[in-house]
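Here's the structure we're looking at; comments come further down.
The values are calculated or read from the model by the stated rules, or taken from the named source; none is laboratory data. All figures in this text were calculated on a predicted structure; none of them were measured in a lab. As a convention, Cβ positions derive from the backbone with ideal geometry for all residues, glycine included, and neighbour counts pool all protein chains shown. In case anyone asks, the SASA skips ligands and DNA or RNA and just uses the protein heavy atoms, side chains included. Shrake-Rupley method; radii C 1.70, N 1.55, O 1.52, S 1.80 Å.
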Amino acid sequence: MFDKSTYINRRKQLSEPFGEGILLFLGNDESSMNYADNTYPFRQDSTFLYFFGFHHAPGLAAVIDPAENRAVIFGDEATIDTIVWTGPQVTLKEQAAAVGIDEVRPLARLNDVLSEAAAKKRTIHFLPPYRPEHTLKLSDRLGIAPAAVEENKSIALIKAVVNMRNHKTDEEIAEIDRAATISFGMHVAGMKAAKEGMKEYEVMSVVHQTALEKGCSLSFPIICTTHGETLHNHNYSYTLRREDMLLIDAGAELPSGYCGDVSSTMPVAGKFSDRQRMIGQILAEVHQGAVRALKPGIMYRDIYYEVCEGIVKGMKSLGMMKGDAKEAVRAGAHALFMQCGLGHMMGLDVHDMENLGEVWVGYDGEPKSTQFGIKSLRLARKLEPGFVLTVEPGIYLIPTLIDMWAAEKRFAEFVNYDEVMKWRDFGGVRNEEDYLITDAGYRLLGDASDKTALMKTFY
């Protein structure tokens, strides 16, 4: 938790454009795994955390009233029935005081405040829910059908929150920097542990343990797989073979909620084979080119296109593609090898504010492409100082996709399928790091020196 002045200033800045409306926020509830008392680890809603700083109190709501310059927390203090299971709790009033709020009301009083606002025809601004229970709560409290909740979300509030959370302050950057350093350490531990004959879950457990040893949780479920062509593979059952590559995508989440996100690909044998090195070097070159291009004012979409063109040129050097690289990317032929985007915003969410809509977070309101491959580009907008983002190109040879496109002769003017079939079972490679956009250009977040030194030994 930051100093109370941080939260006071955030709420003040958010309030300024909203005049006579009120701003409604819902904190997260406990979420049960398989019965009511067996819950997943609690994680507070990130926007609630950003403006109100309540980390460990489920079931809260908050209202900011810009006209009256006040913020109110709605929730119920822990009863003795709760305390006998959890131990003594910091009271809501104490937590509220720590973030500069002096008004805490029982949750049952929230409806009174909302009804009063509605009677006075004040706009009630709320963010789009991403949990079903929040949809039902908003429906009940605001008197609108569940199906209508999404269409009544406040675009003005979304844009205001996105604009603030997209621009990281020095204290936020320090937290992300630390999360990224721990994330790099998770990868180094996993890569050093990986040996022929191990199960993927054995390596994954080392990666997870490294985060736990630093007092961190995970910013997302670990990917640790010899099938890197499956972009989000959470199957850990395979046994590592000497000829395999192991792709790890893992990040730490600090107790403050700020995240790191790192990907790496290693040879189980300790040295890349000639074929693995060929693809790996293409990936390394486009990754370095993307990083060098980072600066304020450039469209991240343009960097993505440069990466895709670089991959096409690399595949041409191996005989798998042909023709003009720009035309191939414009047509979408590159998506045989890179089906995803180049990166995403990062902060309190590993995919920062994805619940608020990529069109606002990553596109500044511009429409997204619907073309296969490009439609998965989460971040396309003009970069600004204070943005924290990932750079994560990948090259993925997905047998099902290759077979389908080959049977259709899709993009035959750009793809040499006879050569692609020789690489059909190659797998996938990805490299990912976290960067801050500065006034002068960019800065890598986290200490990557150990990972960089280890990766050099693989070539």
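Counting only protein heavy atoms and a 1.4 Å probe, the chain has 44 square angstrom of accessible area per residue. Based on Cα contacts under 8 Å between residues 6+ apart, the chain shows a relative contact order of 14 percent. If one puts a single equal scatterer on every Cα of the stretch 383-437 and applies the Debye formula without solvent, what log₁₀ I(q)/I(0) results at q = 0.13, 0.28, 0.29 Å⁻¹? Rounded to two decimals, the profile gives -0.50, -1.10, -1.14. Atom-type composition of the exposed protein surface of the stretch 318-459 places 51 percent of the accessible area on carbon and sulfur (1.4 angstrom probe). Each semi-axis of the equivalent ellipsoid for the stretch 323-459 is √(5λ) with λ an eigenvalue of the Cα gyration tensor; in descending order they amount to 30, 22, 13 Å. Each residue of the stretch 218-223 is assigned a 3J(HN,Hα), and the resulting list reads 9, 7, 5, x, 4, 9 Hz, derived from the Karplus form 6.51 cos²θ - 1.76 cosθ + 1.60 (θ = phi - 60°), x at Gly and Pro. Please report how far the C-alpha centroid of the stretch 108-169 lies from that of the stretch 1-37, rounded to the nearest whole angstrom. Here the answer is 11 Å between Cα centres.
Each residue was assigned an accessible area with a 1.4 Å probe, and for Lys313 the value is about 120 Å².
What a 1.4 Å probe finds exposed on the stretch 57-98 is 56% carbon and sulfur by accessible area, rounded to a whole percent. In loop segments of the stretch 121-192 as defined by DSSP, the trypsin sites (Lys or Arg not before Pro) with at most 13 further C-beta atoms inside 10 Å of their C-beta are Lys121. If you take all C-alpha pairs in the stretch 332-407, what percent of them are over 15 Å apart? Every Cα pair in the stretch 332-407 considered, those over 15 Å come to 59 percent.
Listed values for the stretch 45-57 are Karplus-derived 3J(HN,Hα) couplings in whole Hz (6.51 cos²θ - 1.76 cosθ + 1.60, θ = phi - 60°), namely 4, 5, 5, 4, 5, 5, 9, 10, x, 7, 7, 10, 10, and x replaces Gly and Pro. Entry note, the stretch 245-342: relative contact order of 18 percent, from Cα contacts under 8 Å with a spacing of 6+ residues.
Per residue, the average separation of C-alpha pairs within less than 8 Å and at least 6 apart gives the stretch 168-254 a relative contact order of 35 percent. When the GluC sites (Glu not before Pro) in the stretch 231-307 are filtered for DSSP coil states and for at most 14 other beta-carbon atoms within 10 Å of their beta-carbon, the remaining sites are Glu243. The orientation-averaged projection of the convex hull spanning the C-alpha atoms of the stretch 132-200 amounts to 8.7 square nanometres. Ranking of Asp102, Asp352 by solvent-accessible surface, largest first: Asp102, Asp352 (1.4 Å probe, protein heavy atoms only, all chains present). Only the Cβ atoms of Lys and Arg (+1) and of Asp and Glu (-1) were treated as charged; on that basis the dipole of the chain about its Cα centre amounts to roughly 960 debye. Partner lysines whose Cα lies under 28 Å from the Cα of Lys153, excluding those fewer than 8 positions away in the same chain, are identified as Lys12, Lys120, Lys121, Lys137, Lys168, Lys368, Lys375, Lys382. The count of lysine pairs in the stretch 225-327 that are at least 8 places apart or cross chains, and whose C-alpha atoms lie under 27 Å apart, stands at 7.
The long axis of helix 399-408 is offset from the longest Cα principal axis of the chain by roughly 70 degrees. Relative to the globular-protein estimate of 2.2 N^0.38 Å, the Cα radius of gyration of the chain stands at 1.06.
Annotation for the stretch 72-99 versus the stretch 170-205: alpha-carbon center distance of 34 Å.
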